[in-house]
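Every number in this text was worked out from the coordinates using simple rules, so none of it is lab data. Quick caveat, the model's predicted, so the values are computed rather than measured. Using ideal geometry, Cβ is built from the backbone for each residue, glycine included, and neighbour counts are taken over all protein chains shown.
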Amino acid sequence: MDSSKGRTTLAVRRDVAEKLSELAKERKMSVYALASSILEQGIQVVRESGSDAIISNLWKVYKVLRDADAVVLPSYFMDALIKELYSHDRKRLFSLFSQLGRDVGLLMKTYAPSFEELVSLAALFSYFFPLKRVELRELGKDGLEISVIGVGDSVETTEAVSVAAREMLNVYGIDVINQTVSRGMIKLVIRPRSTSQRF
């Protein structure tokens, strides 16, 4: 018998053990079988990613994408589609992205009710999508500057995404005071609409 397939004792917190036992009953599995499966798959993910936080982060991103009925396509393909529509009907393209921003904003509110939570969630998406950086800079009374780097491979795509971003922030009660858009980069200066709202 292969000794690597034998059993051993592993210590965990009591609350974790209780949750594992409850889940095993729900799945009609032994605690041994369930723990082995979870640990084996978890170890593989952590080893390849280099972070144990990747598992919960992946799950959060998956839930948002699932609820949004998102379809993941290569960025070059999306850029080509957006550029084509931009050249034929720029107004229609921006209308579609405006609606997208509102819809995504309302969905995000169920996962991230506050602006601070939205920023944290956006940072998670940067791990799994072409976004290179999401940066915030306090401007005092002038508000807050958001810089998003890695938004599309064309100016057309970046402009369209900026329209969606404005609408999503609008759902959160945040006004865009100024914006700068260039290929792959969006910089927004934002301010809460209400004086009682703070960043």
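State the extension gain, in nm to one decimal, for the chain segment bounded by Glu138 and Val155, taking 0.36 nm per residue of separation less the distance between their alpha-carbons. All intermediate terms of the calculation are to be shown ahead of the outcome.
On the way: separation 17, 0.36 × 17 = 6.12 nm, distance 2.64 nm.
That pair, Glu138 and Val155, stretches by 3.5 nm at full extension.
Which peptide among 152-162, 94-104 comes first, and what is the full order, when sorted by highest mean count of other Cβ atoms within 10 Å? Can you show the working numbers first?
On the way: 152-162: 20.7, 94-104: 16.6.
My ranking of the peptides, most packed first, is 152-162, 94-104.
Based on the Cβ-Cβ distance of Phe77 and Phe125, what FRET efficiency does E = 1/(1 + (r/R0)^6) give at R0 = 22 Å, to the nearest 0.05?
Working: r = 19 Å, r/R0 = 0.85.
According to the calculation, E is roughly 0.70.
At 0.36 nm per residue, minus the direct Cα-Cα distance, what do Lys60 and Tyr111 gain on full extension? Give it in nm, one decimal, please. Numbers along the way, then the final one.
Values: separation 51, 0.36 × 51 = 18.36 nm, distance 0.88 nm.
Gain in length upon complete extension: 17.5 nm.
For the range 84-149, how big is the tail of P(r) above 14 Å, as a whole percent of Cα pairs?
Numbers: 1514 of 2145 pairs.
Above the 14 Å cut-off, the range 84-149 has 71 percent of its Cα pairs.
Quick one: 3J(HN,Hα) in Hz for the range 8-25, Karplus 6.51/-1.76/1.60 with θ = phi - 60°, rounded, Gly and Pro as x.
So the Karplus estimates, Gly and Pro as x, are 8, 9, 10, 8, 9, 4, 4, 5, 5, 4, 5, 5, 5, 5, 5, 5, 4, 5 Hz.
Which whole-angstrom value gives the distance between the alpha carbon centres of the range 74-114 and the range 29-52?
37
So how compact is the chain: Cα radius of gyration and Dmax in angstrom?
Rg and Dmax of the chain, Cα atoms, are 21.9, 71 Å.
What relative contact order, as a whole-number percentage, does the chain give when Cα pairs under 8 Å and 6 or more residues apart are counted? Intermediate values should be presented prior to the final figure.
Details: 214 pairs, mean separation 33.1, N = 199.
Rounded, it is 17 percent for the chain.
How large, in Å, is the range 1-89 by the Kirkwood hydrodynamic radius built from its alpha-carbon pairs?
Working: mean 1/r = 0.0581 Å⁻¹.
Its Kirkwood hydrodynamic radius stands at 17.2 Å.
Measure off 7 Å from each Cα along the Cα-to-Cβ vector at Val46 and His88, then give the distance between these two points in nanometres to one decimal.
5.1
Please give the calculated 222 nm ellipticity per residue for the chain, where each DSSP H segment of at least 4 residues contributes -39500 (n - 2.57) and the sum is spread over every residue; nearest 500 deg cm²/dmol?
Numbers: 6 runs with 115 residues, N = 199.
Per the formula, -20000 deg cm²/dmol.
Under a point-charge model restricted to the Cβ atoms of Lys and Arg (+1) and Asp and Glu (-1), what is the dipole moment magnitude of the range 46-199 relative to its Cα centre, in debye to the nearest 20? Kindly include the intermediate steps, with their values, before the conclusion.
Details: 20 positive and 19 negative charges, 51 e Å.
Charge dipole, the range 46-199, about its Cα centre: 240 debye, nearest 20.
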